[in-house]
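Chemist: Okay, here's the structure, questions in a sec.
Rule-based calculations on the coordinates, nothing more; no lab input. What you see is a predicted model; the values in this text were computed from it and never measured. In this analysis, Cβ positions are derived from the backbone assuming ideal geometry, glycine residues included, and neighbour counts consider all displayed protein chains.
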Amino acid sequence: MEERIDFIEELLLQAEQADQERKIEMDRLRADQILAAIGTLEEGMAGVNDLCDKELKLIEEYRANEMARLDKKRAWLIFNLDGFMRSSGEKTMRLPHGLLKLRKGRDRVAVVAIEQFLKIGQKLGLVKKVPESVTPDLQGILNHVHRTGEVPPGIELIPADIRFSYSTNGGKDESE
């Protein structure tokens, strides 16, 4: 049994020595050829990357063009739906493929003449005092306008817009 273990160890030692001889021989004889092969492979890899970058650029350009084309068609259809809803006199319309809505937004105020406003705004309590600065309280001004109907000097009331919105069923019929 011991002879068999010695034989295996001897075989392993011989194999290790042969590998070492091959490695050294290969390093000396073929190092330049291997470097040249690595360089060729790296050039091929760079070529693949360049080709893929060009293809990706083409795909992104295609996507942008198609999305712009489809969005232009969608915007035109939305424009027509908006006009239809405004002329219908209804606020909400449920349809088999979605929902159309007209909703009024909020009124806004804008300070157009700060000096003129500050004269009366402080008396009416429509300014915020932050350390080292005095600024108009836009929400307070809007509440004042709604409560009294009076627009203070230097303030412009911007009435709310009626906004159109829609939602689709995502291509599914409600009847299904």
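Chemist: Counting other beta carbons within 10 Å of each Cβ, put Met93, Met85 in order, fewest first. Present the calculation step by step, with values, prior to reporting the outcome.
Modeler: Numbers: Met93 15, Met85 20.
Fewest-to-most Cβ neighbours within 10 Å comes out as Met93, Met85.
Chemist: In what sequence, highest mean first, do 122-132, 46-56 appear when ranked by Cβ atoms within 10 angstrom?
Modeler: Values: 122-132: 11.5, 46-56: 10.0.
Descending packing order for the listed peptides: 122-132, 46-56.
Chemist: Among His97, His146, rank each residue by its count of other Cβ atoms within 10 Å, from fewest to most, as a rough exposure measure.
Modeler: So the residues, fewest neighbours to most, are His146, His97.
Chemist: Next up: Which ³J(HN,Hα) values in Hz, rounded to whole numbers, follow from the phi angles of the stretch 55-68 under the Karplus curve 6.51 cos²θ - 1.76 cosθ + 1.60, where θ = phi - 60° and Gly and Pro get x?
Modeler: 3J(HN,Hα) across the stretch 55-68, in whole Hz: 5, 4, 5, 4, 5, 5, 5, 4, 4, 4, 5, 5, 5, 5.
Chemist: Moving on. Quick check on the exposure proxy: order Phe164, Phe79, Phe117 from fewest to most C-beta atoms within 10 angstrom.
Modeler: Least to most surrounded, the residues fall as Phe79, Phe164, Phe117.
Chemist: On C-alpha positions alone, give me the angle between the axis of helix 138-148 and the longest principal axis of the chain, in degrees, nearest 10.
Modeler: That works out to roughly 30 degrees.
Chemist: Also: Would you mind pulling out the separation of the Cα centroids of the stretch 37-87 and the stretch 106-176, in Å?
Modeler: Using only Cα atoms to place each centre, the spacing works out to 41 Å.
Chemist: What label, among [x] 43, 35, 31; [y] 52, 33, 30; [z] 111, 60, 44, belongs to Cα extents along the principal axes in Å computed from the structure on display?
Modeler: Among [x] 43, 35, 31; [y] 52, 33, 30; [z] 111, 60, 44, the one calculated here is [z].
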